[in-house]
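Presented below is the structure to which this report refers.
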Amino acid sequence: MRIVIPDERKLVHEMIAPIRWGDMDAYGHVNNTIYFRYMEQARVDWISSLGYKVAPEGESVIMINAFCNFFKQLSYPGDIILKTFVGAIGRTSMDVFHTMTLRTEPDILAAEGGSTLVWVDMNTNQSVPWPEDILQKVRA
């Protein structure tokens, strides 16, 4: 099954991550589980850039689903350009998407994926509305 990223999305963050030797598996390419770690780091970096901690205290963001479409094998050494996009925004949830390209081949998609994020009161474990300042920054 392939999940398609919607055309209606907004670029909100970009970062570069190194491919580490330990990211590779016995087949000599980056293991498929590591792509999810790259997307995780992009999400954490983006949320942190908005001035919020990704930590289990007070209110924070949690991921309720994730997917990844793989198009090109990656291997060490190299750097990945991770772009983060926001799609649909609900009262407590937000669809977030990522693209991954090699720094040396920025126009060739290596993988794309996404997740639905929910803003949660960590004390009650209940979803709550997104903070208005995050919505303003995302919509700006």
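Within the set of pairs 6+ apart or on separate chains, which have a first residue in segment 122-136 that is within 18 Å of Ile64 (Cβ to Cβ) and free of Cβ contacts under 8 Å to residues at least 40 places away in the same chain, a second that is of a type in the set (Val, Ile, Thr) and outside any loop (DSSP other than H, G, I, E, B), and C-beta atoms under 8 Å apart?
Gln126/Val120; Ser127/Val118; Ser127/Val120
Being at pLDDT below 95 and under 29 Å from Trp21 (Cα atoms) narrows it down to one residue among Ile47, Ile108, Ile80; which is it?
Ile47
Does at least one position in segment 61-77 carry a residue that is free of Cβ contacts under 8 Å to residues at least 24 places away in the same chain and out of contact with any Pro (no Cβ under 8 Å at 6 or more places or on another chain)?
The answer is no, given that none of the residues of segment 61-77 is free of Cβ contacts under 8 Å to residues at least 24 places away in the same chain and out of contact with any Pro (no Cβ under 8 Å at 6 or more places or on another chain).
Out of (1) within 26 Å of Arg2 (Cα to Cα); (2) out of contact with any strand residue (DSSP E or B) (no Cβ under 8 Å at 6 or more places or on another chain); (3) in contact (Cβ under 8 Å) with a residue 60 or more places away in the chain; (4) of a type in the set (Asp, Glu), the odd one out for Glu112 is which?
Going through (1) within 26 Å of Arg2 (Cα to Cα); (2) out of contact with any strand residue (DSSP E or B) (no Cβ under 8 Å at 6 or more places or on another chain); (3) in contact (Cβ under 8 Å) with a residue 60 or more places away in the chain; (4) of a type in the set (Asp, Glu) one by one, Glu112 breaks only (2).
For Met100, work out the one condition from (1) out of contact with any Lys or Arg (no Cβ under 9 Å at 6 or more places or on another chain); (2) part of a strand (DSSP E or B); (3) farther than 18 Å from Ile134 by Cα it doesn't fulfil.
Of the numbered conditions (1) out of contact with any Lys or Arg (no Cβ under 9 Å at 6 or more places or on another chain); (2) part of a strand (DSSP E or B); (3) farther than 18 Å from Ile134 by Cα, the odd one out for Met100 is (1).
If the Cβ limit is 8 Å and pairs must be 6+ apart or interchain, which residue in segment 17-42 that is of a type in the set (Ser, Thr, Tyr) pairs with which residue that is surrounded by fewer than 18 Cβ atoms within 10 Å (Cβ to Cβ)?
Tyr35/Phe70
The values are calculated or read from the model by the stated rules, or taken from the named source; none is laboratory data. The structure presented is a predicted model; accordingly, all values stated were derived computationally and were not measured. No Cβ is skipped: glycine too gets one built from the backbone with ideal geometry, and neighbour counts run over all protein chains shown.
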